[in-house]
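See structure below.
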Amino acid sequence: MTLTVSPVTSEFCARVSGVDINQPLDDATFAIIRAAFDEHLVLIFSDQPMTDEQQIMFSERFGPLEGTRGVNPGSGTPFARQSNLDINSGAVIPADDRRMFYQKANMFWHADSSFKKVPSLCSVLTARIVPPEGGATEFASTRAAYASLSEAEKAEFEELVIEHDFAHSRGLAGFTFTAAELANINPARHRLVRTNKANGLKSVMIGVHAKCVVGWPEDESRALLDDLLARATRAENTYRHEWRAGDVIVWDNQAAVHRATEFDTTHHQRLMQRTTISSGIPVAT
Ligand code: OGA
Ligand code: MN
């Protein structure tokens with residue numbers, strides 16, 4: 001088998017083939033995968049159905065895993081579950097159930113865990129059950145958004161700090177928290193501009209959890225965050241993935257955003273399981 005990295009679009013995303021990521025990877029092989037991740041931001045592997053243990057083993061090559069807390073049904077494990085199936089019974093969750101509102105929030109462009117004190121480096125999502133139609137995931141490059149700025153804008157934005165707030169973003173999706181849940185949600189502040197240590201390329205960490213630019217008037221703050229997202233999601237900077245069971249995608253949470261798309265949640269089943277790798281880069285301010 002020859003490990004091959006094939007770019008999917010001219011901007012970002014690559015397919016990786018010729019490697020079995022369910023086996024322990026030697027350092028030389030992982031170094032190629034890690035370099036491809038730093039270059040392409042989104043890596044797609046096909047025909048690699050994973051057990052939970054295999055997903056953890058592969059994910060830990062990128063760094064320490066976050067634990068899932070709070071409202072996600074995977075709470076208390078290293079996994080976040082994106083699914084319309086009840087975690088215990090496997091039955092389809094009714095569309096008006098609170099848990100489905102929670103899932104719908106994934107349809108906003110976002111970077112996983114940007115609201116945490118230590119944000120995430122990347123996520124690994126494994127396709128366990130895939131609906132016959134719909135349920136694609138879309139990706140957009142915030143490295144491309146940064147690159148599209150003028151030199152004056154790059155200089156002006158270099159020091160900006162963004163407040164990310166999970167209560168804000170889930171609120172936009174119509175999800176209401178109990179007082180006890182809210183007490184556990186604290187906003188986090190992170191530098192807008194992120195630099196990839198391996199290649200020096202810069203990006204912006206934005207998405208639905210990004211509530212405001214610290215110290216800016218609300219309207220200007222909103223306008224900047226919206227403009228950056230619009231730049232990232234220009235057609236040429238996006239990729240839409242139609243899943244097949246056994247697909248595994250790794251994406252960068254500091255240089256890309258992603259979103260879920262609709263599927264028929266009452267008639268079809270979908271189960272995606274995510275591990276989230278911590279960046280180890282603490283709060284910016
Ligand atoms: C996620 C996510 C999108 C999807 O797992 O973080 O946003 O299409 N998933 O399930
Ligand atoms: Mn996500």
Restricting attention to region 140-157, does a residue exist that is among the hydroxyl-bearing types (Ser, Thr, Tyr) and within 16 Å of ligand 2 (Cβ to nearest atom)?
yes
Write out, first by first residue and then by second, each pair whose Cβ atoms fall under 9 Å of each other, whose residues are 6+ apart or on separate chains, and whose first residue, in region 91-114, is touching a residue at least 40 places away in the same chain (Cβ under 8 Å) and under 16 Å from ALA167 (Cα atoms) while the second is surrounded by 21 or more Cβ atoms within 10 Å (Cβ to Cβ) and acidic (Asp, Glu).
ALA111/ASP252; ASP112/GLU66; SER113/GLU66
Unmet requirement for GLN55, which otherwise passes all of (1) more than 21 Å from LEU229 (Cβ to Cβ); (2) at pLDDT below 95; (3) assigned to a helix (DSSP H, G or I):
(2)
Filter region 242-261 down to residues that are within 12 Å of ligand 1 (Cβ to nearest atom) and small (Gly, Ala, Ser) and give me whichever is nearest to ALA144 (Cα to Cα).
ALA256
Neighbours by Cβ (under 9 Å, 6+ apart or cross-chain): first from region 161-189, over 16 Å from LYS117 (Cβ atoms); second at pLDDT below 90 and among the basic types (Lys, Arg)
ALA173/LYS104; GLY174/LYS104; PHE175/ARG98; PHE175/LYS104; THR176/ARG98; THR176/ARG170; PHE177/ARG170
1 or more residues of a type in the set (A, V, I, L, M) and under 29 Å from ASN84 (Cα atoms): qualifying strands (runs of 3 or more DSSP E) within region 212-285:
248-252, 256-260, 271-278
In the set PRO49, PRO24, which member is away from ligand 2 (no atom under 16 Å from the Cβ), in contact with a helix residue (DSSP H, G or I) (Cβ under 8 Å, 6 or more places away or on another chain) and in a loop (DSSP other than H, G, I, E, B)?
PRO24
Could you check, for region 207-229, whether at least one of its residues is in contact (Cβ under 8 Å) with a residue 60 or more places away in the chain, within 24 Å of PRO7 (Cβ to Cβ) and within 14 Å of ligand 2 (Cβ to nearest atom)?
yes
Within region 172-187, which residues are exposed (fewer than 14 other Cβ atoms within 10 Å of the Cβ) and outside any loop (DSSP other than H, G, I, E, B)?
LEU172, ALA179, ALA180, LEU182, ALA183
Tell me yes or no: at least one residue of region 35-48 is within 16 Å of ligand 1 (Cβ to nearest atom), closer than 30 Å to PHE177 by Cβ and crowded, with 16+ Cβ neighbours inside 10 Å.
no
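The values are calculated or read from the model by the stated rules, or taken from the named source; none is laboratory data. Please read all numbers here as calculations on a predicted model, not as lab measurements. Please note: Cβ atoms are built from the backbone with ideal geometry, for glycine as well, and neighbour counts cover all protein chains shown.
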